[in-house]
Amino acid sequence: MTIFKIAGFTFLLFCLSCREAPQKDNATSAVSTLNNVSLYTLENDPIDMQQYKGKTVFINFWASWCKPCIREMPSIQKAMEILKEEDIVFLFATNDDLAAVKAFKNENEYDFEYVQVKNPEALEIESLPTTLIYDSEGALRFSESGYRKWDKKRSVDQILEIHYSNDK
């Protein structure tokens with residue numbers, strides 16, 4: 001009987017870690033500025049987040065095994081195409097095994113900049129997908145867990161609102 005309880009609990013945790021519906025998150029101190037985010041290239045080189053100063057940064061945390069993550073990717077690709085004239089950086093962060101990320105990248109034709117996150121718990125990423133959007137000054141302006149259609153007008157307008165928020 002105990003093995004069934006453990007299996008049930010494990011299944012419940014798995015289901016809760018991947019969310020279909022958006023859940024609003026409050027900006028947390030751990031990720032409140034872009035400088036607190038530590039990402040690496042797929043070659044394991046640290047990414048200097050200062051290179052994004054003056055740009056809006058959209059970071060989507062995902063995993064290759066997360067169905068809602070995979071399901072929202074086409075809408076992110078379309079949003080990127082809609083916003084291609086804007087100075088917005090789209091990053092796709094995962095802590096998946098590098099071989100899995102490279103295989104996913106080779107099997108899918110997304111124009112994503114795939115990056116590694118080695119400490120999602122320090123960033124307080126509790127479920128996937130999670131999206132963080134930072135304004136041009138590096139302040140966290142949007143944090144949400146769960147699947148979203150990013151190519152819908154409401155979502156694109158929300159990104160643009162953040163993007164233009166620091167214009168004088």
Residues in region 111-118: is at least one assigned to a strand (DSSP E or B), surrounded by 16 or more Cβ atoms within 10 Å (Cβ to Cβ) and modelled with pLDDT under 95? yes
Among the residues in region 125-143, are any more than 21 Å from Ile82 (Cα to Cα) and of a type in the set (Asp, Glu)? yes
Selection over region 18-67 where residues are farther than 20 Å from Tyr164 by Cα, β-branched (Val, Ile, Thr) and at pLDDT below 95 yields a count of 3
What pairs can you find where one residue is in region 95-115 and farther than 14 Å from Asn60 by Cβ, the other is small (Gly, Ala, Ser) and assigned to a loop (DSSP other than H, G, I, E, B), and their Cβ atoms are less than 7 Å apart, with a gap of 6+ or different chains? Ala100/Ser64
Matching residues in region 132-165 - criterion: being surrounded by fewer than 17 Cβ atoms within 10 Å (Cβ to Cβ) and touching a Gly at 6+ places or on another chain (Cβ under 9 Å): Glu137
Going by the conditions given, is Asp157 modelled with pLDDT of 95 or more and assigned to a loop (DSSP other than H, G, I, E, B)? no
How about region 42-78: which of its residues are farther than 15 Å from Leu123 by Cβ and in contact with a helix residue (DSSP H, G or I) (Cβ under 6 Å, 6 or more places away or on another chain)? Thr56, Ser64
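Of Ser165, Ser64, Ser75, Ser136, which residue is part of a loop (DSSP other than H, G, I, E, B), farther than 24 Å from Ser32 by Cβ and polar (S, T, N, Q)?
Values: Ser165 fails: farther than 24 Å from Ser32 by Cβ; Ser75 fails: part of a loop (DSSP other than H, G, I, E, B); Ser136 fails: farther than 24 Å from Ser32 by Cβ.
Exactly one residue qualifies, and that residue is Ser64.
Residue-wise test of (1) under 25 Å from Ile159 (Cα atoms); (2) more than 14 Å from the chain's Cα centre (by Cα); (3) crowded, with 16+ Cβ neighbours inside 10 Å.
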| site | (1), (2), (3) |
| --- | --- |
| Cys69 | yes, no, yes |
| Glu72 | yes, no, yes |
| Ile76 | yes, no, yes |
| Glu81 | yes, yes, no |
| Glu86 | yes, yes, no |
| Phe92 | yes, no, yes |
| Leu98 | no, yes, no |
| Lys102 | no, yes, no |
| Asn108 | yes, yes, no |
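The values are calculated or read from the model by the stated rules, or taken from the named source; none is laboratory data. Model, not experiment: these values are computed from the prediction. For neighbour counting, all protein chains shown are included, and Cβ atoms are generated from backbone atoms with ideal geometry for every residue, glycine included.
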